[in-house]
Amino acid sequence: MIPSSVSRHPVFWATVPVLCGALAGSGLVSTPAAANVLLDEPTAVSGYTYVERHSTYDSGSSRDVSAPCPSGKVVLAGGVSFVGGKRGVLLRGSYPVHSSAGDGWTASAEEVGAGTTANWQLRAYAVCADKPAGLTYKQATSAFDSFSPKTVAVACPASTRLIGLGARVTGADHRVGVNSITLTRRLRVGYARAGEAVPTARRWALTTYAVCAKPLEQTFHESAWKSAAPAASSNTAVARCWPGSRAYATGLVFSGSSATLDRLAPVELRPTSIPPAPAEGRVGLTELAPGTPATWSLKAQVICVR
């Protein structure tokens with residue numbers, strides 16, 4: 001059954017035909033525990049550059065950090081991570097910025113509700129390169145209302161594939177956060193999910209961003225499921241690239257109830273670049289408050305390019 005909070009949004013129905021065609025490999029239906037998929041018709045990517053930027057480490061209630069691409073490079077993917085915060089920080093955004101002023105990847109976060117006195121740091125990561133063939137930036141936005149949770153899918157144009165995926169919440173500050181950003185196996189569609197961490201009647205919207213290009217020398221990798229027992233407060237998963245490849249878009253797949261996911265927040269959702277170790281897509285979820293009364297699981301996804 002499609003949740004009513006999703007079915008009310010026109011952007012969902014606009015992407016259903018494409019999304020349904022890709023779900024067999026999205027992790028939403030039964031698939032092998034871990035998988036690697038080689039995509040066809042590859043072309044090369046050149047000029048790879050990995051950029052990382054950090055915020056200050058303090059107890060400020062909100063912050064934004066941008067990792068800028070070098071001049072002449074375009075943003076293809078990126079991600080976000082947190083240090084500290086003691087389970088009191090919501091992910092508000094991790095998304096590409098493409099403009100005449102330059103490209104980059106922006107991360108944004110806010111403390112939950114009344115906030116925390118704990119210090120924390122926000123980190124943004126950008127994967128930049130020379131402009132590939134067919135480069136297109138797409139986005140889709142939900143209705144601006146008080147329904148929760150929201151799921152928004154975005155599709156790449158025909159003959160292109162996903163290379164980067166992000167999301168952003170606007171409205172209902174300190175109450176709503178991004179819970180997951182998920183790739184589909186054939187890399188034609190991606191989607192994001194956000195929900196209320198603090199019950200609110202305030203209106204808000206979710207935007208999902210896709211970076212698309214003509215098929216590159218891409219492979220899609222997915223980790224095995226990592227389960228968290230009811231007593232666990234956090235969990236992580238890693239999807240690894242083949243040697244000689246670099247990590248681009250990273251996705252997170254969640255298994256559990258919607259109510260449980262509302263109580264969890266990403267603390268890491270990013271590609272890595274730490275030569276000579278293999279490149280990875282790293283994801284992590286943590287409880288926003290102790291005592292989540294359910295078992296839940298997650299797995300990591302990553303797009304890798306030679």
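Points to keep in mind about this one:
- Per-residue SASA entry for Glu52, accessible area with 1.4 Å probe, Å² rounded to 10: 70
- Alpha carbon centroid spacing (whole Å) that separates the range 252-306 from the range 59-90: 16
- Across the range 189-199, rounded Karplus estimates of 3J(HN,Hα) from the backbone phi angles (6.51 cos²θ - 1.76 cosθ + 1.60, θ = phi - 60°) give 9, x, 8, 9, 9, 9, x, 6, 8, 10, x Hz, Gly and Pro being marked x.
- A 1.4 Å probe run over the protein chains yields, for the range 166-306, 33 Å² of accessible area per residue, whole-number rounding.
- In the structure shown, the pairs Lys138/Lys214; Lys138/Lys226; Lys131/Lys299 are assessed against 22 Å; a Cα-Cα span above that value is assigned to Lys138/Lys226; Lys131/Lys299.
- Computed over the range 142-300, the convex hull of the alpha-carbon atoms projects to a mean area of 9.6 nm².
- Prolate/oblate/rounded label for the range 187-252 (Cα gyration tensor, a/c 1.5): oblate
- Largest accessible area first, the listed residues Lys150, Lys138 line up as Lys138, Lys150 when surface is computed with a 1.4 Å probe on the assembled protein chains.
- With all pairs of different C-alpha atoms in the average, the Kirkwood value for the hydrodynamic radius of the range 91-141 is 13.8 Å.
The values are calculated or read from the model by the stated rules, or taken from the named source; none is laboratory data. Bear in mind that the values here come from a model prediction, so they are computed numbers and not experimental data. For accessibility, only protein heavy atoms count, side chains too; no ligands or nucleic acids. Shrake-Rupley method; radii C 1.70, N 1.55, O 1.52, S 1.80 Å.
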